[in-house]
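Only one structure is covered here, and it is reproduced in the block below.
The values are calculated or read from the model by the stated rules, or taken from the named source; none is laboratory data. Computed from a prediction, not measured in an experiment: that's the story for all the values here. Glycine gets a Cβ as well: all are built from the backbone with ideal geometry, and neighbour counts include every protein chain shown.
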Amino acid sequence: MKKTVIELFAGVGGFRVGLNNITKIDKNGRAIEKGPWTFVWANQWEPSTKTQHAFDCYNTRFPSAVENSNVDISKVDKKTIPDHSLLTGGFPCQDYSVAHSLKGEKGIEGKKGVLWWDINSILKEKRPPFVLLENVDRLLKSPARQRGQAFGIILRCFADLGYGVQWKVINAADYGHPQKRRRIFIFAFHNTTKYFKTFSDNTDFTQEDVQEAIIFDAFPSDLVYSKQDKTVNISSKNYKTVADISEKFKFDFENAGFMLDYKVITAKLVANYNGKVKTLGQCLDCDNVPEYCYRTNVKKFEYLKGSKKIERVAATGHKYMYSEGPVPFPDKLDTPARTMLTSEGTVNRSSHLILDPVSNKYRILTPVECERLDEFPDNWTNTGMPEKRRYFMMGNALVCGIIKTIGEQISYIIDQED
């Protein structure tokens with residue numbers, strides 16, 4: 001089986017950087033790809049901006065007039081997408097907090113959430129053997145009023161199309177990477193694959209089976225035993241249609257799990273890693289700090305990052321106390337960085353502020369340092385976009401080293417398919 005890939009919601013190319021172990025850019029600005037994967041198509045479209053900075057970056061690093069699509073995915077004729085053995089995507093996660101109409105948010109059926117259905121349409125049309133998706137871990141618990149509904153819909157869609165699924169929440173820092181970024185990774189495999197058939201003789205899975213799921217072998221974990229297996233069946237016997245899942249399904253998913261033939265088992269895992277850990281300090285580039293990064297007045301940062309209790313008034317008129325715990329000030333250099341957000345670099349509670357070990361001055365991180373925290377090559381986003389957009393792109397990206405490791409596992413599985 002050829003190792004061909006499409007990348008949906010491609011952003012600046014994190015899946016491709018990880019899968020093909022990209023660490024450098026050549027003199028023409030193109031990525032130097034070392035891995036075995038051939039990317040046959042990629043789609044990146046940001047509806048909220050006139051200038052498509054993410055796509056421009058992707059197209060600069062992977063120039064193509066054919067394979068790179070800058071069109072709203074909902075308007076793409078799914079039949080025109082090339083055949084592929086692996087579909088990848090970090091599909092947008094906004095609006096997952098509520099499933100239907102409630103305070104203007106619509107969960108998986110919301111404006112951003114409908115993008116899942118575009119993935120589903122591609123799966124229906126192309127039936128790729130393997131799928132790798134990434135999202136925020138709160139997907140497992142959304143929406144608040146019907147916990148697990150959104151993920152239940154996704155699992156049912158996969159099952160209806162003949163896929164088995166493994167998932168695991170991975171915090172990159174738990175496995176030696178330089179950022180505390182927790183994300184769910186979803187690996188699906190079609191029933192026509194040899195990999196699927198290795199499980200099909202035994203669908204009475206246990207918590208131990210979840211712990212030993214092959215695709216995540218490279219992320220060793222200990223099982224937190226529960227008194228009984230936490231399972232659910234999402235077949236038509238219990239839920240006639242996906243619409244029934246949407247209306248009736250509620251389940252408390254743990255941070256890892258397995259689904260085959262509509263049977264779901266989930267278990268709680270905790271990381272068990274004893275290797276080297278890369279820190280924020282190791283990602284610094286203190287000799288190349290732009291002047292705008294330095295901060296002479298840090299009182300606002302100190303206040304925002306400090307613990308506080310503030311009286312607020314709800315829309316109903318009810319008064320309540322809003323509390324926040326402290327955030328490190330300045331950020332520690334001897335541990336992995338906190339999770340970067342799209343607001344990185346601005347004056348807010350979540351932005352990193354360090355005491356530069358060379359200049360002994362307070363400053364925010366540079367765009368290159370943020371790229372290093374996500375394990376992109378230096379200056380990856382230096383493609384003509386404004387500096388604030390470079391911060392945004394890294395706050396919106398994934399940790400490429402995690403994808404590299406998962407990709408090695410999938411590559412091995414595909415090798416066994418021949």
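Brief remarks follow.
- Filter pass, VAL264 being exposed (fewer than 13 other Cβ atoms within 10 Å of the Cβ), hydrophobic (A, V, I, L, M, F, W, C) and not assigned by TED's automatic domain parsing to the domain that holds SER350: no
- Whichever residue in region 225-240 is at pLDDT 90 or above and of a type in the set (S, T, N, Q) and, among such residues, is farthest from LEU161 (Cα to Cα): THR231
- Cβ-Cβ under 8 Å pairs, at least 6 apart or on other chains, region 13-41 side under 16 Å from HIS84 (Cβ atoms), far side of a type in the set (Asp, Glu) and surrounded by fewer than 14 Cβ atoms within 10 Å (Cβ to Cβ): VAL40/ASP83
- Verdict on GLY345 being more than 30 Å from PRO36 (Cα to Cα), of a type outside the set (A, V, I, L, M, F, W, C) and surrounded by 18 or more Cβ atoms within 10 Å (Cβ to Cβ): yes
- Residue ID - nearest to PRO36 (Cα to Cα), chosen from residues in region 373-411 that are in contact with a Pro (Cβ under 8 Å, 6 or more places away or on another chain), surrounded by 24 or more Cβ atoms within 10 Å (Cβ to Cβ) and charged (D, E, K, R): GLU375
- Enumeration of residues in region 265-308 that are in contact with a strand residue (DSSP E or B) (Cβ under 7 Å, 6 or more places away or on another chain) and farther than 30 Å from SER221 by Cα: VAL289, CYS293, TYR294, ARG295, VAL298, PHE301, SER307, LYS308
- Subset of region 365-406 [under 11 Å from HIS53 (Cα atoms) and not in a helix (DSSP H, G or I)]: THR381, ASN382, THR383, GLY384, MET385, PRO386
- Among the candidates ARG389, ARG372, the residue that is of a type in the set (D, E, K, R), outside the structural domain of CYS286 (by TED's automatic domain parsing) and within 21 Å of GLY29 (Cα to Cα) is uniquely ARG389.
- Number of positions in region 283-341 that are crowded, with 16+ Cβ neighbours inside 10 Å, part of a loop (DSSP other than H, G, I, E, B) and among the small types (Gly, Ala, Ser): 0
- For region 21-34, the set of residues classified as surrounded by fewer than 23 Cβ atoms within 10 Å (Cβ to Cβ) and under 22 Å from GLY89 (Cα atoms) consists of ASN21, THR23, ARG30, ALA31, ILE32, GLU33, LYS34, listed by residue number.
- Members of region 122-142 that are surrounded by fewer than 22 Cβ atoms within 10 Å (Cβ to Cβ), over 14 Å from the mean Cα position of the chain (by Cα) and modelled with pLDDT under 95: LYS141
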